[in-house]
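The values are calculated or read from the model by the stated rules, or taken from the named source; none is laboratory data. Just so we're clear, the structure is a prediction, and the values are computed from it rather than from any experiment. Cβ sites come from the backbone with ideal geometry, for glycine too, and all protein chains shown count toward neighbours. Areas reflect the complete protein model, heavy atoms only, side chains present, ligands, DNA and RNA absent. Shrake-Rupley method; radii C 1.70, N 1.55, O 1.52, S 1.80 Å.
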Amino acid sequence: MSTSDSKHTQTLATLGVSSAEQVHSLFAELRSQFDAAARSATDENSWKALRDAWFGRRSGVLTLVTDNWLKPSSPELKRAVGASLNELRTHVDGRIETRRIAIEAGAEAATNARDRMDLSLPGVIRPIGTHHLIRQVFEEIEDIFFSIGFSVVEGPEIETPYYNFEALNIPEHHPVRDDMDTFYLELPKGVPGPLLLRTHTSPVQIHTMEKRQPPVRVIVPGKVYRRDNPDATHSFMFHQIEGLAVDADITFCDFTGTIDYFVKQFFGESVKTRFRPSYFPFTEPSVEFDASCIFCGGSGTAKTGGTCGKCKGAGWIELFGAGMVDPAVYGFVNYDPKKVSGFAFGIGIDRLAMLKYGIDDIQVFFQNDVRFLRQFP
Ligand code: DAH
């Protein structure tokens, strides 16, 4: 505040003020000075300066007015000065507070404006992942079986030997158990066992038949585990889809027709199928299905001349095992083997994916190298 304005640094006597009217106009002048100053307090700093200039304990305007006008005033004027000073103090106090509120709200509005989302801006495009090839092949196969009336069921990956072996007609000392190189779980004391990681999805055949009466038409996608050393065609965990169809009058023709339909849908109409006798404890008869080699068209000769490296000249590629459900299995689930018949199959998904997509090392499925994964968007 300039010196010419600073009447409050002088006493009333010095200013020549001797009547109540003069006191009032003096205060009115001061009040309009304050109002002007308050108007220019538009941010936090100028607001603080205003507050200090008027309320400062030592040299704030209100202190100086008290010291220079009120205290030394003549007894006749004291009442008028006191009343005007109170009025001014209330006014200044109120305005300073309303300025504070206004400034804070303004700052908030500015922050809001800064943070406001502009929906017209182009979005941030984040790369979206894709399903792993194994998952894609699961879905492809599931869709084919959905189209002929199968539905999906799932089962536990930790099994009892009863479900993994016995109920599938594999008794304790059966040599097939050795082939499965099984992981048994180390259990805490008191936990009933033994338990193992399922070696195939076939135990879900048993779970399903225990729960449902024929007709049964299910497929079972899932992970299976074997104590295999990793190489280009082996992994300690891999994937299967089990299939099971049981009804009153299912024949061997229904069985081979279903598999042939599936293989043609999956590999293409021109692919032929054949089956060879095989052995599984839970199917009788058991077969191994082959497809005509999808690389050389079944000729056994590579496009470049020479012998086809994929089928080694045979013209056929082994696909998966299957068979008619062994009547002994029905005994474990209280189905009447005289009244029902059916077929089952167990497809190795990793193997089928490798064949269809020309992959020669099963390990790439588990290495999570994006350069591989990106090839199957
Ligand atoms: N469970 C067998 C395995 O993992 C595969 C299999 C073969 C399943 C024949 C079947 C079947 O349902 O009928 O080696």
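The phi torsions of region 211-219, fed into the Karplus equation with coefficients 6.51, -1.76 and 1.60 and a -60° offset, translate into couplings of 8, 10, 9, x, x, 10, 9, 10, 10 Hz, rounded to whole numbers, with Gly and Pro shown as x. Given a Förster distance of 41 Å, report the FRET efficiency between residue 339 and residue 157 from their Cβ-Cβ distance, rounded to the nearest 0.05. The computed FRET efficiency comes out at 0.80. Considering only 138, 167, 109, the residue lying farthest towards the positive end of the dipole of region 107-196 is 109, judged by Cα position with unit charges set on Cβ. Potential lengthening of the chain between residue 104 and residue 252 amounts to 44.9 nm, from the contour at 0.36 nm per residue minus the alpha-carbon distance.
Given springs between every Cα pair under 10 Å in a Gaussian network model of the chain, which of 191, 176, 271 has the largest fluctuation? Answer for the Gaussian network model of the chain: 191.
If packing is taken as the average count of other Cβ atoms within 10 Å, what order do 73-86, 250-263 fall into, highest mean first? Please report the intermediate quantities before stating the final value.
Details: 73-86: 15.3, 250-263: 17.3.
Averaged packing, sorted descending, gives the order 250-263, 73-86.
Treating each Cα of region 198-253 as an identical point scatterer and ignoring solvent, apply the Debye formula and state log10 I(q)/I(0) at q = 0.16, 0.19 Å⁻¹. Evaluating at q = 0.16, 0.19 Å⁻¹ gives log10 I(q)/I(0) of -0.59, -0.72. Applying a 4.7 Å cutoff between beta carbons, the unpaired cysteines of the chain are 253.
Using θ = phi - 60° in the Karplus curve 6.51 cos²θ - 1.76 cosθ + 1.60, the 3J(HN,Hα) couplings for region 159-167 round to 10, 8, x, 4, 6, 6, 10, 4, 5 Hz; x is entered for Gly and Pro. Of all DSSP-defined beta bridges confined to the chain, some 95% are antiparallel rather than parallel.
Applying 1/(1 + (r/R0)^6) with r as the Cβ-Cβ distance of residue 40 and residue 15 and R0 = 30 angstrom yields a FRET efficiency of 0.70. Stick to the Cα atoms of region 112-250, pair each with every other, and give me the Kirkwood hydrodynamic radius in Å at one decimal. In region 112-250 this quantity evaluates to 18.3 Å. Summarising the label geometry, the points placed 7 Å from Cα in the beta-carbon direction at residue 114 and residue 312 lie 7.3 nm from one another.
Counting only alpha carbon atoms, the long axis of helix 44-55 and the longest principal axis of the chain meet at about 30°. Computed in the context of the full set of protein chains, the accessible area of the chain at 1.4 Å probe radius has 53% of its extent on carbon or sulfur. The HN-Hα couplings worked out from phi for region 91-102 by the Karplus form 6.51 cos²θ - 1.76 cosθ + 1.60 (θ = phi - 60°) are 4, 4, 4, x, 5, 4, 5, 5, 4, 4, 4, 5 Hz, whole numbers, x standing for Gly and Pro.
Before rounding to the nearest 500, sum -39500 (n - 2.57) across all DSSP H runs of length at least 4 in the chain and divide by the residue total; then give [θ] at 222 nm in deg cm²/dmol. The partial results should precede the final answer.
Values: 13 runs with 148 residues, N = 377.
The per-residue figure over the chain is -12000 deg cm²/dmol.
Using just the alpha carbons, could you tell me how many Å³ per residue the convex hull of region 88-140 encloses? Mind showing how you got there, number by number?
On the way: hull volume 7.0 nm³, N = 53.
Spelled out: Cα convex hull of region 88-140, divided by residues, is 131 Å³.
Under 5 Å from the amide H of residue 287 lie the amide H atoms of 278, 322, 323, each residue being 5 or more positions distant or on a separate chain, with H modelled from the backbone and absent for Pro and chain starts.
By average Cβ neighbour count within 10 Å, what is the ranking of 128-140, 219-231 from highest down?
Numbers: 128-140: 15.2, 219-231: 16.9.
Order by mean packing, descending: 219-231, 128-140.
By how many nm would the segment from residue 52 to residue 270 lengthen if fully extended, with 0.36 nm per residue of separation less the alpha-carbon distance?
On the way: separation 218, 0.36 × 218 = 78.48 nm, distance 9.33 nm.
Length gained between residue 52 and residue 270: 69.2 nm.
Spatial offset of region 16-59 relative to region 152-205 amounts to 91 Å, using the alpha carbon center of each. Computing Rg and the Kirkwood Rh from the Cα coordinates of the chain gives a ratio, Rg/Rh, of 1.59. Once you reduce region 235-270 and region 310-377 to the center of their Cα atoms, the two points are 9 Å from each other. Return one number: the angle in degrees, 0 to 90 and rounded to the nearest 10, between the long axis of the Cα atoms of helix 133-146 and the longest principal axis of the Cα atoms of the chain. Once rounded, one gets 60 degrees. Pairs from the table (7/71; 211/338; 189/223) lying more than 18 angstrom apart at Cα are 211/338; 189/223. Using the Cβ-Cβ distance between residue 371 and residue 223 with R0 = 25 Å, the FRET efficiency computed as 1/(1 + (r/R0)^6) comes to roughly 0.55.
Normalised size of region 1-136, defined as Cα radius of gyration per 2.2 N^0.38 Å with N residues, equals 1.90. Under 22 Å of direct C-alpha separation, and excluding same-chain neighbours fewer than eight residues apart, residue 272 reaches these lysines: 264, 303, 310, 312, 356. Computed from Cα atoms, the angle from the helix 252-267 axis to the main principal axis of the chain rounds to 50 degrees.
Taking the charge dipole of the chain about its Cα centre, with +1 at Lys and Arg Cβ atoms and -1 at Asp and Glu Cβ atoms, the residue from 376, 120, 262 reaching farthest to the positive side is 120.
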